[in-house]
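*Asks:* The structure is given below, and queries will be raised subsequently.
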Amino acid sequence: MARSGHFGPPRQNDPNRRSGPWERVVRFLHMKNNSRFTATLFGTLAAALLLTSLATSVAVAQPPAHVMENPATTKWGPAPPMLPAGAEIAVLAGNPMQPGPYTVRLKFPANYDIPAHSHPTDEHVAVVSGEFFAAMGNKLDRTAGMRLGVGGFALMPAHGNHFAYTKGETTILLYGQGPVEFTYVNPSDDPRNKKPTSRP
């Protein structure tokens, strides 16, 4: 025979009875059906989503950091392999290998040749020091390039074949829309297709 308090029905109205964890869960679930609770819950979630959206918008709207640099403080590194060996590059703004605007400095040694090639986007050139020779055409011709001195400017249109060369050490400012790519008229002129020479 069951003893009272062990298996008998719970005393719902007993003021001395403590509520167990399961009863608290049941009351919470019943409370979820209350329209005021539901409205408060959804209102809180909506406010949180709105604040998150506003924070994201503010972060996106922030302008990029400004850049100011003199040539004397330029940090140079080897130019990418799409250019013949010997050139140096310094990225000033953006990433020329990614979509979007970019600005770089390029430094070429004396008697440097860039065979005929084209780009998928317009290429803007401004001469910083030295002399830069360039022309439109399908083959490098060191007698046909137009001389651009300091302050000189060139715009090479997208998909237009052109070439360039130097006679003395030259630095240019190159800017446009990335990603930058070189398509050489003669694939054998592409430095990426040339096998590295082995040292004895």
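*Asks:* Work out the FRET efficiency for residue 95 and residue 155 from their Cβ-Cβ distance, taking R0 = 22 Å, and round it to the nearest 0.05.
*Replies:* Given R0 = 22 Å and the Cβ-Cβ separation, E is 0.55.
*Asks:* Using the Kirkwood radius built from alpha carbon pairs, what does the Stokes-Einstein equation give as D for the stretch 66-145 at 37 °C and 0.692 mPa s, in µm² per second?
*Replies:* It diffuses with D of about 229 µm²/s by this estimate.
*Asks:* Sticking with this one: Mind checking which lysines have their Cα closer than 30 Å to the Cα of residue 139? Skip sequence neighbours fewer than 8 apart in that chain.
*Replies:* 107, 167, 194, 195
*Asks:* Still on this structure, please answer the following. Given 0.36 nm per residue, what is the gain on full extension from residue 111 to residue 173 after removing their alpha carbon distance, in nm?
*Replies:* Extra length from residue 111 to residue 173 when fully extended: 20.5 nm.
*Asks:* While we're on this one: What FRET efficiency comes out for residue 139 versus residue 70 if R0 is 41 angstrom and r is the Cβ-Cβ distance? Round to the nearest 0.05.
*Replies:* Using R0 = 41 Å, I get an efficiency of 0.65.
*Asks:* I would also like to ask the following. I want to verify the translational diffusion coefficient of the stretch 116-200 in µm²/s; compute it with Stokes-Einstein, Rh as the Kirkwood radius over Cα pairs, at 10 °C and 1.306 mPa s.
*Replies:* 115
Read the figures in this text as sums done on the coordinates, not as results from a lab. Remember, predicted model here, so these are calculated numbers, not experimental data. Heads up, the Cβs are rebuilt from the backbone with ideal geometry, glycines too, and the neighbour counts pull from every protein chain shown.
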